[in-house]
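Step one of this worksheet: look at the structure below.
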Amino acid sequence: MPMMLLPHPASPLAARAAHALLALAIVLSGLTLGADAQAEKADRSQPLSFAADAARVEDNQRLNILTGNVELTKGTMVLRSDRVEVRQNADGTQTATATGGAGGRAFFRQKRDALDEFIEGEAEKVVYEGRTDTVHFTGRAIMRRLRGNTVADQVTGQAVVYDNKTSVFQVLGSPTNGEAGKGRVRGVISPRPAEAEGGR
């Protein structure tokens, strides 16, 4: 379990805060932010760690709220923002919604399995859907594929949807003059390195 800073014992809120943070850690420990054949396979068995300025647990709503310099990690996965809401779904999966952050955008990053590559993105809102193992970037969205530390591909648009299972992403443009779908999407796609003979 990650180290957590609790209010000073003299504080009347110390006992309640300690209980709430412990409950939150237990609930979040099962959060899956996307692990499959394309994302790093080992991530699925890793514990989830978090750090934030404040945390609130709403058991009746199955909702956990982290605020202030939030960072969630699970294996190679990283999610950073000003606020993250984690909702427990009836089927046992979770939905994590991150908003705000550096430059007004939340940040997501995950290593691809068996490759020296990462998928990362930023947007005003980043939503990880455990049911479908997809990541939705909405509002000034940018998504990149990095080989090592070098950006190989990058796309920008109003919204990007990334499917972890298939490594397929869809980019939607920004509305122009109030007309939805009339905006442009932009991107850069680098050539892939040549594969060895007999490779895929």
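Read-outs: derived from the displayed coordinates by stated rules, not from any lab. Just so you know, these numbers come straight off a predicted model, no measurement behind them. Cβ placement follows ideal geometry from the backbone for every residue including glycine, while neighbour counts extend to all protein chains displayed.
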Problem set entry | Residue-by-residue Karplus 3J(HN,Hα) for the range 86-97, coefficients 6.51, -1.76, 1.60, Hz, glycine and proline x | 10, 10, 7, 8, 4, 8, x, 8, 10, 10, 10, 10
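Among bridges DSSP assigns within the range 88-189, what percent are antiparallel (round to 5)? Mind dumping the intermediate values first?
Values: 45 of 45 bridges.
Given both bridge residues lie in the range 88-189, the antiparallel proportion sits at roughly 100 percent.
Could you tell me which trypsin sites (Lys or Arg not before Pro) in the range 59-106 are loop residues by DSSP with no more than 16 other beta carbons within 10 angstrom of their beta carbon? Working shown, then result.
Numbers: sites: 62, 74, 80, 83, 87, 105; in loops: 62, 105.
Taking the range 59-106 and a limit of 16 other Cβ atoms within 10 Å, the loop trypsin sites (Lys or Arg not before Pro) found are 62.
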Exercise. Percent relative contact order of the range 67-184, based on C-alpha pairs within less than 8 angstrom and at least six residues apart?
Worked result: 15
For this session: Would you tally the net charge around residue 102, using a Cβ to Cβ cut-off of less than 11 Å, leaving residue 102 out, and scoring K and R as +1, D and E as -1?
Result: 0
For this session: Tell me which residues come under 5 Å, amide H to amide H, from residue 100 once H is placed; ignore anything under 5 positions away on its chain.
Result: 82, 106
